[in-house]
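Notes follow once the structure below has been shown.
What follows is calculated from the coordinates using simple rules that are stated; it is not laboratory data. The structure displayed is predicted, hence computed values, not measured ones. Positions of Cβ are backbone-derived with ideal geometry, glycine not excepted, and every protein chain shown enters the neighbour counts.
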């Protein structure tokens, strides 16, 4: 038990990652409003970014700009990966919001349940 | 056995596939379309027959065409067993085509182009089954046969036909799945699926007995679906909604025979009689076959619809073949294999007669056929002859195969099978004789009661009626469903007399009936002269080394 | 030299996708021609790449000259070659179809080219993060293309697909993040060696595997992660539905195979029998559930979507068993299914455009009104069932043989039973098409207003479907001939 408590306290990034993941997924499932679902999606993706970025962290290390005599450097690769992933996330959010605008224009509602009703009436 | 590379096996398969295009192209000119069918049938029989002398001498004709899947060559091989089936199927296509012409035109059926094209396709697939050199090629053509015959079964397109078609698809594809599973097992155990007379090496030795038994069960079981062994038989009576020549094709020419042929290949060329005896699956299969033919014969007694009665008769007779194969002694094998052509000729005659009766008088039920011998004397005579053959009366085809089966059962040491055969013969007479008797010796008014057909199961409780009224249609000359133009009833309910000169029906219908019946007689009188017995003896010699 | 083409084959469609957007200042409807030129050029490049593969074996290219494992590697081996060929062919075929059927706007074809680029990228990449990027590119463009239908329903379906697909891709990202944490590398070949060093039973490795499979499982639409698929396929325009159904899930299944087989390798599956069984049973569950759900459908496109769930279950089973025979069967099934499913959607589109029929009960007697398309449809559907000698049978044979060889009898039983399960819904379709009572009235009204969306069905579209039907029958025997060249044993490391 102490082993788990210890690792949870020291690796709190991991804990936060899991929490955000859960919040994101829960929001996506539970929210009725489409925009809220997209927010949930973003939270979910942010949790993944957090995980990857924090995995590259080294205590006492310097930012990854090479200089003479520099000490240990933080691994820059996760940062690079996350930059790409953030861009992907932004494009996804943009597309999702564009789709939401279209749905709103067609059906006049963004509530999931109302949408089901309106669409089945079509 | 010498192998000769030849295109003839491939040609036999392809000639009717090519004919499909001709038939489709000629869809507006029925005479040309029918001519294409007849020419293709003649050509196919000629090609197959041309290979007969060579095969009897020990040559095997082979066409190699690459691979189906890795390790499995696509080879068409005309050996003795394949030639037996191919000869039978291609020969019978000719009278069936003639008969189809008469039947379809007599009833003015629709979709005739589709019908003839699907028929040609079915015969192509049948040739492929016959000449398959390994289980996978056999499976390929087996499934293609299902696909080709489905439009024929569902031909009428009404609800009953479509339901029958779906049932047919389900049963036959289900059987196909079992065959595929068995094939994969065999391939996994031995690394080959090619047929070898006497069995594939190592099938029972390189694996546990249970695996070998499972493979046998899957293969024989899968083929038994098409061979209508109980309890997998129920698609066959339902498929009787199809036009009669299709029923003839299903029962005599191609479909159930391909199932029986598959079982023959499994017993003779995949496992081999010794291996089957080793794993002990022969006896259970034989017992199942006996159960089938006794049960089917009893059920047939109660059927009023003629075609259904014939369907159950087929189920019973097919199990003679399966029993012969399962008993494993050389004589029994000869009997089982010889019954393939014997039953084919006799059953086809019976179906043709049933169809002729339907075309000319629109009668399907036996209880309404009293006195029909007056209306259709030649037809009913042929029916009588063929039914005698089914029961195993000497001088007819059924007797020869039955004789070998009886001797074979004694050889195998199980006399009970012989007695079951004799019992089945009696039952055969019991369900065919009333039809023939009432056709010639009774009239509509004076027909006897048929308690087997009409009575309730379990008998009457309470008062038995004093006077039994047979089923008689309204005696004012027309049936309640108004088929006046076609039912040739006189005002007093008698059939119109047609005399013995052949005026009773179209020659397209009559000639095939009499022709096939004559073949059944010929096979009974001189089975070796008409080659079938020779081929069968050769097959058994190749497999067991024993000359019967 | 040929390996540099691996980069070119991705770059061409990407560059070409910009052209229609720019050109839309001057001219509308130029997109189709740009796409045609770009994808034809691509097809030639793919042909050279294949020739290079046949000569040299596995091809590999380091992007930008940065050496592996620091740089990104593009690689091609026996597992990816068929998929690359498939993408090249289907992208051209769909182009022929959408000439008349699909939206003709420039932006549509930009999206189409980007989607093709993404698909090719997934196929040729040798880096797990690069795979993530290309999967997301594929996904983004697929969502946009699906939303290009006329009504709001397609936008909503695309949104649902977007949410599900992003969750899937993010789960995959978490998976490779765990793998990265465990080993420090992202290159597939390097990763596979390092994972073996870390130990295949290590918790990190197991976790990463679980996330990767779950994430890609969403993209492949395995049961029960498939819920986005029926809506997406039934709301998209027919050309798009065909393309997406033929390629997007196929390429995702390929990605799953690539990761499970070459990164985690069959040794991983052997060291973790629970995981391997779980993967195989997961696939088997999809086979059964997909077919059962397909039988319950009344809309043809939804039926085809559930049918895909079933077929991909078979592919996952094949990859889960992980011996060369079953993997070859899986690849053949992937290829065959892609061609069949795409063409079935084409045919469904032809029926909808000409006669306005979309529901199963409207398909009564259809084959009489449109005999060639109907016959092609029947042949394609029967190929799904596994009627020999077409490609469906060949794939099933190898997978079943592989299962029996691996001793997985219950799975083999499911594979054989899948023939009957598929027959359940195919038989209903074919029976209705040929024997139904024709002309229930809907056809008349549809013809009066020119069918759905006023699209005129051309001979080219019908010819495409008929050609596809012939191709799948011919592909069966041809597929076995290719087995040697793919050298899947090498790919698997066995």
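In degrees, nearest 10, range 0 to 90: what is the angle between the Cα axis of helix C:203-220 and the longest Cα principal axis of chain C? That helix lies at roughly 10 degrees to the long axis.
Here C:185, C:94 are placed in order of increasing Cβ neighbour count within 10 Å, fewest first, which gives C:185, C:94.
Can you give the FRET efficiency for residue B:422 and residue C:484, using 1/(1 + (r/R0)^6), R0 = 56 Å, r = Cβ-Cβ distance, to the nearest 0.05? Could you put the intermediate results ahead of the total?
Values: r = 58 Å, r/R0 = 1.04.
Here the calculated transfer efficiency is 0.45.
Legend: mean number of C-beta atoms from other chains within 10 angstrom of residue C-beta atoms, peptide C:140-148, equals 2.
If you count, for each residue, the other Cβ atoms within 10 Å and average over each peptide, how do C:359-367, B:284-292, C:47-55 line up from highest to lowest? Present the calculation step by step, with values, prior to reporting the outcome.
Working: C:359-367: 19.6, B:284-292: 21.3, C:47-55: 15.2.
Highest-to-lowest ranking by the protection proxy: B:284-292, C:359-367, C:47-55.
The calculated FRET efficiency for residue C:428 paired with residue B:440, based on their beta-carbon distance and R0 = 56 Å, is about 0.70.
Equivalent ellipsoid of chain B: semi-axes from √(5λ) of the C-alpha gyration tensor, largest first, are 39, 27, 21 Å.
With everything on Cα atoms, drop me the angle between helix C:409-435 and the longest principal axis of chain C, reported from 0 to 90° to the nearest 10. Relative to chain C, helix C:409-435 is tipped by roughly 20 degrees. For chain A, averaging the sequence separation of C-alpha pairs within contact (under 8 Å, six or more residues apart) and dividing by the residue count gives a relative contact order of 22 percent. When you count the other C-beta atoms within 10 angstrom of each residue and take the mean per peptide, C:22-32, C:374-384, C:283-293 line up highest first as C:374-384, C:283-293, C:22-32. Whole angstrom only: what separates the Cα centroid of region B:112-172 from the Cα centroid of region C:196-236? Here the answer is 41 Å between Cα centres. R0 = 25 Å: FRET efficiency of residue A:113 with residue C:299, Cβ-based, nearest 0.05? Plugging the Cβ-Cβ distance into 1/(1 + (r/R0)^6) gives 0.65.
Cα axis of helix B:8-25 to longest principal axis of chain B: angle in degrees, 0 to 90, nearest 10? Long axis of B:8-25 versus the principal axis of chain B: about 40 degrees. Given their separation in residues at 0.36 nm each and the Cα-Cα distance between them, residue B:56 and residue B:201 gain 49.7 nm when the chain is fully extended. Size of chain C: Rg and Dmax of its alpha carbons, in Å, are 21.5, 69.
Here the simple spin-label model places points 7 Å from the Cα toward Cβ, and for residue A:8 and residue A:121 these points are separated by 4.9 nm. Rounded, prolate or oblate for region B:1-68? Axes are the square roots of the Cα gyration tensor eigenvalues, ordered a ≥ b ≥ c, and the cut-off for rounded is a/c under 1.5. Here region B:1-68 falls in the oblate category. Which residues in region A:32-55 place their backbone N less than 19 Å from a point set 7 Å from the Cα of residue A:16 along the Cα-to-Cβ direction? A:40-55, by backbone N distance to the label point. Packing around the peptides A:24-37, B:373-386, taken as the average count of other Cβ atoms within 10 Å per residue, puts them in this order, highest first: B:373-386, A:24-37. Rounded, prolate or oblate: which fits chain A when a ≥ b ≥ c are the square roots of the eigenvalues of the alpha-carbon gyration tensor, with rounded for a/c under 1.5 and prolate only if a/b beats b/c? Since a/c reaches 1.5 but b/c is at least a/b, the shape of chain A is classed as oblate.
Modelled this way, with points 7 Å down the Cα-to-C-beta line, the labels at residue C:67 and residue C:410 are 5.0 nm from one another. Kirkwood radius for region C:321-387, taken over all pairs of different Cα atoms as the inverse mean of 1/r, rounds to 13.3 Å. For the protein assembly as shown, the square roots a ≥ b ≥ c of the C-alpha gyration tensor eigenvalues yield an a/c of 1.5 or more together with a/b exceeding b/c, which makes the shape prolate. At full extension, residue B:35 and residue B:64 could sit 7.3 nm farther apart than now, given 0.36 nm per residue minus the alpha carbon distance. Inter-chain neighbour count for C:160-168: the average number of beta-carbon atoms from partner chains within 10 Å of each residue's beta-carbon is 5. The mean number of partner chain beta-carbon atoms within 10 angstrom of a residue's beta-carbon across peptide C:430-436 is 5.
Look at B:77, B:309 and count the other Cβ atoms within 10 Å of each Cβ; fewest to most, that gives B:77, B:309.
Fewest-first ordering of C:227, C:419 by other beta carbons within 10 Å of each residue's beta carbon gives C:227, C:419.
Region C:124-190 and region C:391-423 have Cα centres lying 30 Å from one another. Projected label points at residue C:21 and residue B:25, each 7 Å from Cα along the beta carbon direction, are separated by 5.4 nanometres. Between the C-alpha center of region C:57-111 and that of region B:386-430 there is a gap of 69 Å.
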